[in-house]
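No value in this document is a laboratory result; all are computed from the given coordinates. Not measured: the values here are computed from a predicted model. Every residue, glycine among them, receives a Cβ derived from its backbone with ideal geometry; neighbour counts consider all protein chains shown.
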Amino acid sequence: MRRAAFSLIELLIVAALLLILTTMYWGSSSGRRKRSLQADCQQNLQKLFIAMQIYATDHSGKFPVVTGARTSEDALDPLVPHYTVDTSLFICPGSDDAALPSGDSLRGHKISYAYYMGRLATDSTEVLVTDRQVDTLSKQVGQPLFSSTGKPPGNNHQKEGGNLMFGDGHVDASPPSASISLPLSQAIVLLNPKP
């Protein structure tokens, strides 16, 4: 009389299948999480655009310009609390930046976004706000825009690129290398957040 049991080869096959299925499940959910954080970031930028648009309406079509601003916190500070008290929209969900107290001045804190100071509401096709960039220089197509290694600076979304918000309020995702030219002029200054 024979006893029913699994052979060693059958056990190894079952273990291999379980390992493959587990890897597929957890691997796909990490990609889903990254896409979700990128989408949450895009929603923050769209809400920020609404506050900036109201500001521009009140200031002859000009987005915030602060003389002597050295960081995006300085330049975007006029938005809080007059145009928004929701300071959570200044923090990228993909970054490790700490939450901000609601309605508190931005100058004493650190935000996640870079700002092209000097743009007008009529500059609808120009980039207005982005995730933190690798530097504050003009960018040509193919040049580093966001971190490609996941290390600072420019790593709000690790090495997955970042978001670009345009002057008409729409937001596009970008790979780590610039997919469009982002020139600067005497009238336009790129300000990154505090390091």
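Being buried (at least 21 other Cβ atoms within 10 Å of the Cβ), under 14 Å from the mean Cα position of the chain (by Cα) and not small (Gly, Ala, Ser) is not true of Asp97. Contact map, the stretch 47-64: first residue in contact (Cβ under 8 Å) with a residue 12 or more places away in the chain, second residue buried (at least 20 other Cβ atoms within 10 Å of the Cβ) and of a type in the set (Val, Ile, Thr), Cβ cut-off under 7 Å, separation 6 or more or different chains; pairs are Leu48/Val129; Ala51/Thr84. Picking from residues in the stretch 128-181 that are of a type in the set (Val, Ile, Thr) and farther than 16 Å from Ser112 by Cβ, the one that is surrounded by the most Cβ atoms within 10 Å (Cβ to Cβ) is Ile180.
For the stretch 53-77, the set of residues classified as over 17 Å from Val189 (Cα atoms) and in a helix (DSSP H, G or I) consists of Gln53, Ile54, Tyr55, Ala56, Thr57, Asp58, listed by residue number.
Listed here are the residues, each with its yes/no results for (1) closer than 21 Å to Tyr55 by Cα; (2) in contact with a helix residue (DSSP H, G or I) (Cβ under 7 Å, 6 or more places away or on another chain); (3) part of a loop (DSSP other than H, G, I, E, B).
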| site | (1), (2), (3) |
| --- | --- |
| Asp97 | no, no, yes |
| Ile111 | yes, yes, yes |
| Tyr116 | yes, no, no |
| Asp123 | yes, no, yes |
| Gln133 | no, no, yes |
| Phe146 | no, no, yes |
